[in-house]
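Q: Supplied in structure tokens, the structure appears directly below.
The values are calculated or read from the model by the stated rules, or taken from the named source; none is laboratory data. A quick note: this is a predicted structure, and the numbers were derived from the prediction, not measured. So basically every Cβ, Gly included, is an ideal-geometry build from the backbone, and we count neighbours across all protein chains shown. Accessible surface is based on the protein model in full, side chains and every heavy atom, while ligands, DNA and RNA are left aside. Shrake-Rupley method; radii C 1.70, N 1.55, O 1.52, S 1.80 Å.
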Amino acid sequence: MSCQETHELIHGYVDGELDLQKSIGIEEHLRNCHECTQAYKGIRTLRSAISDEVLRFKASENFENRLRSALRSESKSGLKPGFLRWRWILTVASIVGAVIAIWAIAPIFTRQSAGDVLAQEIVSSHVRSLMADHLTDVPSSDQHTVKPWFDGKLDFSPPVRDLSEQGFSLHGGRLDYIGNRPVAALIYQRRQHSINLFVWPSTEAGDVNEKVSVRQGYNLIRWVNGGMNYWVVSDLNLAELQQFVQLLKEQILGRASLGSQIPGSSLSLVPPSAIKKPPRLRDSKI
Ligand SMILES: [Zn+2]
């Protein structure tokens, strides 16, 4: 993929709108092109900065009144009454139209459930860990080092699994704070993508199957299993992230049940054909 193609597709990539093949094409290009990587990082930083709640501006109560009186005093000066009246009617009509449109559409986008708030916290924490260069408190690829590190720091013992043989290498662990409680964050790496896996005890009665969502260009998968909440977040493409979740579930379930067959342990969110490797790019330097 050329620099120009990358520039044309980069926003779609950041928004998670590209198919797997294009995503991997861009990732290959970013690995070899410093200039496009800088542009990509700039877009990512800007996105997470402007999506911050702190920057949202809510109009004050009397804003509408002030706007109306400003319009009134404006309309008193100069123009013919008939024209003014029509202009006023048209203005009001378009405002009413816009308000109705926003009223009809807004709830779809702005309704915030507890899950949405949690998802936002997860993404923010993921972005913070990357920006502040604070991915790990205990940098280690050894699960037998990472797991005991959490002893005494949390009131539960998170399952830590090494998946480096399957291409998802464990990079360490970190204490984090999500949903008003301390949680375990485990960090995995896939190519240049960091994956944050958050784990904490669940208050839900049974298991919950995977739910996939996209937020600020990051893919999220959450599920509940064996009394634990799991949230995975990464800019890795969805197919590979689902593969990661599947491997993780198999490892955790496999150990918990000493290899016995557990119904529902194999996922079918993405058909195997979608996970196949894309054709190698001709000009790839790898
Ligand atoms: Zn480039």
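Q: Hey, got a sec? Which chymotrypsin sites (Phe, Trp or Tyr not before Pro) in region 154-258 land in a DSSP loop and have at most 14 other Cβ atoms within 10 Å?
A: Numbers: sites: Phe156, Phe168, Tyr177, Tyr188, Phe198, Tyr218, Trp223, Tyr230, Trp231, Phe244; in loops: Phe156.
Filter output for region 154-258: Phe156.
Q: Let me ask something else about it. Leaving ligands, DNA and RNA out of it, work out the accessible area of Arg47 with a 1.4 Å probe and give it in Å² to the nearest 10.
A: Rounded to the nearest 10, that gives 70 Å².
Q: Straight distance only, please: which aspartates and glutamates reach the Cα of Lys147 with their own Cα at less than 14 Å, same-chain residues fewer than 8 apart left out?
A: Leaving aside aspartates and glutamates fewer than 8 places away in the same chain, those within reach of Lys147 are Asp137, Asp155, Asp162.
Q: One-quarter of the Cα convex hull surface for region 161-247, in nm²? Provide the component values of the computation, followed by the final result.
A: Numbers: hull surface 22.8 nm².
Over all viewing directions, region 161-247 projects a mean Cα-hull area of 5.7 nm².
Q: Shape call for region 119-200 from the C-alpha gyration tensor, a ≥ b ≥ c root eigenvalues: rounded (a/c under 1.5), prolate (a/b greater than b/c) or oblate? The partial results should precede the final answer.
A: Details: a/c = 1.78, a/b = 1.08, b/c = 1.64.
Oblate shape, in that a/c is at least 1.5 and b/c is the bigger or equal ratio.
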